[in-house]
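Student: Just dropping this structure here.
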Amino acid sequence: MAGIVSTIGQKCRRCFSCIRECPATAIRVVNGQAFVITERCLSCGHCVKVCSQHAKEISSDIEKVLFKLIPKGKTVAMVAPSFAASFPNDYLKLPSALKSMGFIKVTEAAFGADLISPLYGKLFEKIDGRTIISSPCPAIYNYIEKYFTELVPNLAPIVSPMIAMGRYLKETLGNDIKVVFIGPCVAKKSEYIDEEVNDAVDAVLTFTELKKIFNDNNIDISSFNEIEFDPPYANLGKSFPLTGGLLKTAKISGDILAKKVIVVDGKEKVEEIIQDVWN
Ligand code: SF4
Ligand code: SF4
């Protein structure tokens, strides 16, 4: 079965950078080429970034979104908070550009973080000595579920903002709407098809895929008007994906911080802290 990330054989120049860089030793040489072993892959997308030959391919929902979901006339876009970094000059025009594609509403996934942040506050109050691991990144959940199975009970039992928001949209707008998440992260493609949460979101596009759609369809984002996102409006949830953003979003108090909270980011530090908790 093809996974979220695979190698385009014709483009691969056998430099094996991806093999050296993969955090999960999920790439092996098969018939002289770098082959991704789906069962080991975290869908983190790191090999896509390090491959100078653009020989790594991500499973794409572009056709599904353009030709199956949007034509139904009930498809809502949900955009990750980092949209401004991906469209620095035109981010205020993104909602109208997306509506020109046929999305009936354009919403912010950050409201999903506002929905789940009180649950984190309650969880922190009840921790009593246990180590709880939380991250906005599904690749970290994949890493623990595949390689540190003893730590699975330590994962925070709270869905991500994307899943919370997808469920909220379907509850409030009707279960027949389709929801497309648009964000920076390849690993979201593995999250939305997870059988425990696959009721919430119908497709995931990366910002790179969205730019390709704009480019292929002559959609010039700079030519659109600046309009607001559709409600519900996000509050502190906009900070959720930033380092330490969960604490800010959940308004976790100094008392609770005394229970010892460690905030890490970056591939090496995350690997290190997971090893430390595991040992
Ligand atoms: S980094 Fe790219 S070119 Fe190099 S081995 Fe991996 S897939 Fe092939
Ligand atoms: S997506 Fe991540 S885990 Fe999967 S092969 Fe690439 S680097 Fe390795």
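A short reminder: the numbers here are calculations on the coordinates, not readings from a lab. From a predicted model like this one, the values you see are computed outputs, not experimental measurements. Every residue, glycine as well, gets a Cβ built from its backbone with ideal geometry; the counts of neighbours run over all protein chains shown.
Student: Given a 10 angstrom Cα cut-off, can you work out which residue in Ile227, Ile116, Ile104 is the most mobile in a GNM of the chain?
Tutor: So, out of Ile227, Ile116, Ile104, the one fluctuating most is Ile227.
Student: Compute all pairwise cysteine Cβ distances in the chain, then list the cysteines with no distance under 4.7 Å to another cysteine.
Tutor: Lone cysteines by the Cβ rule: Cys12, Cys15, Cys22, Cys41, Cys44, Cys51, Cys137, Cys185.
Student: Here are some pairs, Lys68/Lys211; Lys49/Lys260; Lys105/Lys178; which of them have Cα atoms lying more than 22 Å apart in this structure?
Tutor: Working: Lys68/Lys211 19 Å; Lys49/Lys260 34 Å; Lys105/Lys178 11 Å.
Over 22 Å apart, Cα to Cα: Lys49/Lys260.
Student: What fraction of the DSSP beta bridges in the chain is antiparallel, stated in percent and rounded to the nearest 5?
Tutor: 35 percent
Student: Can you tally the net charge around Glu271? Count Lys and Arg as +1, Asp and Glu as -1, for every other residue whose Cβ sits under 14 Å from the Cβ of Glu271.
Tutor: On the way: positive: Lys146, Lys267, Lys269; negative: Glu21, Asp265, Glu268, Glu272, Asp276.
Summing Lys/Arg as +1 and Asp/Glu as -1 gives -2.
Student: Counting Lys +1, Arg +1, Asp -1, Glu -1, what net charge surrounds Phe229 among other residues with beta carbon under 9 Å of its beta carbon? Kindly include the intermediate steps, with their values, before the conclusion.
Tutor: Values: positive: Lys105; negative: Glu108, Glu228, Asp230.
Neighbour charge sum, excluding Phe229 itself: -2.
Student: How do 260-266, 140-146, 153-159, 42-48 rank on mean C-beta neighbours within 10 Å, highest first?
Tutor: My ranking of the peptides, most packed first, is 42-48, 140-146, 153-159, 260-266.
Student: On to the next question. Which whole-number percent is the relative contact order of the chain (Cα, under 8 Å, 6+ apart)?
Tutor: RCO, the chain: 22 percent.
Student: Continuing with this model, one more query. Compute the relative contact order of the range 139-279 as a whole-number percentage, counting only Cα pairs closer than 8 Å that sit 6 or more residues apart in sequence.
Tutor: Averaging sequence separation for qualifying contacts and normalising by length gives 16 percent for the range 139-279.
Student: Order these peptides, 62-68, 183-189, by their mean beta-carbon neighbour count within 10 angstrom, highest first.
Tutor: On the way: 62-68: 15.3, 183-189: 23.1.
Highest to lowest by the protection proxy: 183-189, 62-68.
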